[in-house]
Amino acid sequence: MRVRLLAGAAALLAVIAGCGPSGGTGERAEDGAGRSPGAGAGRSPGAGAAPEAGALPPVVDHIPTRDKVVFLTYDDGAERDPRFIDLVREHRLPVSLFLTDTVAGPGYAHFARLRSVGASLQNHTLDHPALRGLPYAGQRAEICGQQRKLKSRFGVRPHLFRPPYGTYDTTTLRAAADCGIETVVLWRATLEPDGHLTYTDAPHHLTPGDIIAVPSGEAPSLSLTERTTRLLAELEERGLRVGKLEDYAD
């Protein structure tokens with residue numbers, strides 16, 4: 001399904017999300033750039049088709065759809081719960097994993113097993129820096145470098161990218177496009193370490209098309225499997241299911 005293009009560069013940068021466990025309504029940045037690490041997340045406009053040569057990739061945190069689906073995305077790769085592999089396989093969950101090389105690299109065998117049961121592997125930079133304000137060469141090295149790592153290790157070249165902390169600027173979008181990224185993915189809801197959801201804006205409940213971020217917790221009170229199992233129960237209560245983000249973001 002194609003989703004609508006962002007209305008120009010100004011709209012692309014008007015709203016920005018924070019990374020990690022944070023809730024509440026996001027605020028618009030006065031300078032049109034992304035927000036600082038750890039800040040609340042703002043809702044960006046909808047996505048569009050893959051960018052043409054020279055075009056900037058769309059930025060999404062929600063995908064307009066009538067299908068009763070939401071999208072589960074997992075960041076970094078710090079939590080390597082072996083039971084999570086069984087959960088993904090048993091429920092046939094089309095989850096998207098945004099991997100950072102310096103975090104996930106020591107456990108790439110774990111993510112190969114996740115990929116074998118249906119997870120997709122996407123780009124979250126080599127080293128997880130806040131990209132906004134960095135020079136083009138540095139941003140391109142972070143994004144293209146992880147493209148090459150994932151291609152070398154898994155034979156995949158991601159077309160989805162999540163900037164660390166949700167912060168970005170026009171340089172980020174240009175570097176992402178030059179590295180072959182088709183869509184920059186933010187989020188509207190965050191699954192917190194204790195298993196509850198927080199939201200970037202109203203309504204404060206899940207709606208069809210929402211992108212849910214599951215950050216790597218430093219010391220989560222619930223395991224990744226436990227948090228996801230609770231979320232799946234909530235989805236069932238709301239008549240929602242997990243959709244494959246790649247099918248909707250293309």
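Worth a mention:
- If the Kirkwood radius is taken over C-alpha pairs of segment 113-250, then at 4 °C and 1.567 mPa s the Stokes-Einstein diffusion coefficient equals 79 µm²/s.
- Stretched out straight at 0.36 nm per residue, the stretch from Thr102 to Lys244 would grow longer than its current Cα-Cα span by 48.5 nm.
None of the figures in this text is laboratory data; all of them are computed from the coordinates on show. None of these values were measured; they are calculated from a predicted model.
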